[in-house]
Amino acid sequence: MFISGFTFIRNAIKLDFPVKEAILSILPLCNEVVVAVGKSDDDTLNLIESIDSSKIKIINTIWDDNLRKGGEVLACETDKALAVIDSKADWCIYIQGDECLHEKDYDIIKNVLEKWKTDKNVEGLLFKYNHFYGSYDYIADSRRWYRNEIRIFKNNIGVKSWKDAQGFRINGRKLKVKPVNASVFHYGWVRPPKNMMIKNIEAGKLWHNDKFLNEKFDISKDFDYTNIDSVKKFEGTHPKIMQDRIIAKNWKFDRDPKIKKYNLKNRILHLIEEKTGWRVGENKNYKLI
């Protein structure tokens, strides 16, 4: 079985993305990992080149910064990487620059890949998500955060990145997927407040015009993490590949999980989900089979 990993990145150092850890987290599962490295204002290319593995395949790209509708440039860059993976790949594993897989899930993932390899009805695999927020000690758990997304799919079936590269579809059709008892660790909202403000401003440029950004963000201020509606303490373990970063970069973020900033409607919906596991009106970018 041949497995291709792929990702994209730009300005990883400037914006404090754990992209090296992200790539290393899927490397043991892959025969190759394609990395689309956008022209950057820092040493992102050297960072990727420092990964000591013959599996890494780097392609250099230039982002179209005029693509500001719904973050579509992210899907464009994702598809650039996807387009050059080896044609003999059976499966494609996608990881974003702020995501990691946990080594405890490797055997589970391998077994599922083998199980559904020849089943033509199964087009992709659905992962659970841990969205870390503020620090590495808390997870955002409100309905604002997606609970599942596709991160593995079969090659040569016409899959393309969807909208802002959160998920994938085939000619606009949702992929038919099986769930995997494994999680993606998402670290996009874990930075010291100053770094988080810088990252949000840069990310905002992929969606909004300069006038909007100037009105919404003040680069001289720190990001205010206290506006979150709901968090819970993380009780598990992080991927080993993240340990050095966590030791070096974690900061003190105290938040009482009992604090919920909900209006009445969302408070009721949160209680329903908490008691039953059912998320009313959940947006699902996939078809579970």
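Please treat every number below as a calculation from the coordinates, not as lab data. Only a predicted model underlies this, so the values are computations on that prediction, with no experimental measurement involved. Glycine gets a Cβ as well: all are built from the backbone with ideal geometry, and neighbour counts include every protein chain shown.
Here are some notes:
- Cross-chain or 6+ apart pairs with Cβ under 7 Å, the range 1-20 first and touching a residue at least 12 places away in the same chain (Cβ under 8 Å) and more than 13 Å from V35 (Cα to Cα), then basic (K, R) and surrounded by fewer than 23 Cβ atoms within 10 Å (Cβ to Cβ): M1/K117; F2/K88; L15/K199; D16/K199; P18/R245
- Spans of strands (runs of 3 or more DSSP E) in the range 113-217 with at least 2 residues in contact (Cβ under 8 Å) with a residue 60 or more places away in the chain and among the aliphatic types (A, V, I, L, M): 138-140, 148-154, 176-189
- In the range 42-68, the residues that are among the charged types (D, E, K, R), surrounded by 11 or more Cβ atoms within 10 Å (Cβ to Cβ) and under 23 Å from W207 (Cα atoms): D42, D64, R68
- Among the residues of this structure, V84 counts as one that is surrounded by fewer than 17 Cβ atoms within 10 Å (Cβ to Cβ), touching a Phe, Trp or Tyr at 6+ places or on another chain (Cβ under 9 Å) and aliphatic (A, V, I, L, M).
- Test: F217 is more than 17 Å from the chain's Cα centre (by Cα) and of a type outside the set (A, V, I, L, M): yes
- Subset of the range 233-283 [touching a Cys at 6+ places or on another chain (Cβ under 7 Å) and assigned to a loop (DSSP other than H, G, I, E, B)]: P239
- Only strands (runs of 3 or more DSSP E) whose full extent lies in the range 1-112 are considered here, and the ones with at least 3 residues that are more than 22 Å from M242 (Cβ to Cβ) are 32-38, 56-61.
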